[in-house]
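Each remark here refers to the structure printed beneath this line.
The values are calculated or read from the model by the stated rules, or taken from the named source; none is laboratory data. None of the values given here were measured: they were computed from a predicted structure. Please note: Cβ atoms are built from the backbone with ideal geometry, for glycine as well, and neighbour counts cover all protein chains shown. What goes into the accessible areas is simple: the full protein's heavy atoms, side chains included, and nothing from ligands, DNA or RNA. Shrake-Rupley method; radii C 1.70, N 1.55, O 1.52, S 1.80 Å.
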Amino acid sequence: DACRSLKSYLASVALDYVFLVLPTLLIFTVLAEWVYICMIGLLLLLIFFTAVKRTYSLPYMEGPNASRASISSYRVVTMFITCLCILAVDFRIYPREYAKTETYGTSLMDLGVGSFVLMNAVTSRQARNIKSSMSWWKAAFKSTTPLLLLGFARLASTLSLDYQVHVGEYGVNWNFFFTLAGVSILTSILNVPAEYSGILGSVILV
């Protein structure tokens, strides 16, 4: 049984690598010039699987399970692409148009912070209508403490190792974790109802 479980696990890892990791890696490197053709192919696959989903009713694709699976998939893909881009950006094979913009515009890596903010929003207590018995400042402190610890750890490590820091990205002492912590604190103070969050986000975007 243990041997069979190991083989099943290795087969699952191999399939994930072939169908998820490898295509994404190729699109962001050697196939970057054909990215639009790849996107059209992925769109056709999406249409195909959507048709299959409507034709064959699958239990795990219905009701709350469907939303939970979609959110989990989005979080996994966002985390994977973020890690991949962070590691690949230092290599010449990675297209510069995917890197963070310097003065204006939006690139692939600029979408990373927004995607993490969106993930935190759709999984927050407000979005799930979960009432907390703690006061707002205690809830904000509990949710931001890990982010602040990671932010200060990154700051201390970069300063102690004299690691190169792209000043045009977040400045000298700021980083990604501080941004997420700031957004979490701000949303705890404002406490915008979930039904009005989309309107507020659209106003801020405009």
Self-check item: helices (runs of 4 or more DSSP H) fully within region 167-206 counting 1 or more residues that are under 13 Å from Val113 (Cβ atoms) and small (Gly, Ala, Ser)
Solution: 176-190
Self-check item: Complete set of residues in region 161-191 that are among the hydroxyl-bearing types (Ser, Thr, Tyr) and either open to solvent by less than 90 Å² (accessible area, probe 1.4 Å) or in contact (Cβ under 8 Å) with a residue 12 or more places away in the chain (or both)
Solution: Tyr170, Thr179, Ser184, Thr187, Ser188
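Please state which one of Gly198, Gly151, Gly171 is assigned by the TED database to the domain that holds Cys85, of a type outside the set (Val, Ile, Thr) and under 23 Å from Ile81 (Cα atoms).
Numbers: Gly198 fails: under 23 Å from Ile81 (Cα atoms); Gly171 fails: under 23 Å from Ile81 (Cα atoms).
Result of the check over Gly198, Gly151, Gly171: Gly151.
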Quiz item: Within the bounds of region 92-99, is there any residue that is under 17 Å from the mean Cα position of the chain (by Cα), in the same structural domain as Arg75 (by the TED database) and at pLDDT 80 or above?
Solution: yes
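Within the group Asn120, Asn129, which residue is part of a helix (DSSP H, G or I) and either surrounded by 12 or more Cβ atoms within 10 Å (Cβ to Cβ) or out of contact with any helix residue (DSSP H, G or I) (no Cβ under 6 Å at 6 or more places or on another chain) (or both)? Steps first, answer last, please.
Values: Asn129 fails: part of a helix (DSSP H, G or I).
Among Asn120, Asn129, only Asn120 is part of a helix (DSSP H, G or I) and either surrounded by 12 or more Cβ atoms within 10 Å (Cβ to Cβ) or out of contact with any helix residue (DSSP H, G or I) (no Cβ under 6 Å at 6 or more places or on another chain) (or both).
Looking at region 85-109, which of its residues are in a loop (DSSP other than H, G, I, E, B) and open to solvent by less than 100 Å² (accessible area, probe 1.4 Å)?
Val89, Ile93, Tyr94, Pro95, Ala99, Lys100, Thr101, Gly105, Ser107, Leu108, Met109
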Quiz item: Any residue at all in region 139-162 that is at pLDDT below 85 and closer than 23 Å to Tyr104 by Cα?
Solution: no
Self-check item: Selection within region 134-165 - assigned to a loop (DSSP other than H, G, I, E, B) and more than 15 Å from Ser124 (Cβ to Cβ)
Solution: Ser135, Leu161, Asp162, Tyr163, Gln164, Val165
Quiz item: Across region 67-76, which residue is least open to solvent (accessible area, probe 1.4 Å) among those that are in contact (Cβ under 8 Å) with a residue 24 or more places away in the chain and not basic (Lys, Arg)?
Solution: Ile71
Quiz item: How many of the residues in region 4-40 are assigned to a loop (DSSP other than H, G, I, E, B) and surrounded by 11 or more Cβ atoms within 10 Å (Cβ to Cβ)?
Solution: 3
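Yes/no matrix, rows are residues, columns are (1) within 28 Å of Lys131 (Cα to Cα); (2) in contact with a Leu (Cβ under 7 Å, 6 or more places away or on another chain):
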{"position": "Leu161", "(1), (2)": "no, no"}
{"position": "Phe177", "(1), (2)": "yes, yes"}
{"position": "Gly182", "(1), (2)": "yes, no"}
{"position": "Leu186", "(1), (2)": "yes, no"}
{"position": "Leu190", "(1), (2)": "yes, no"}
{"position": "Gly201", "(1), (2)": "yes, no"}
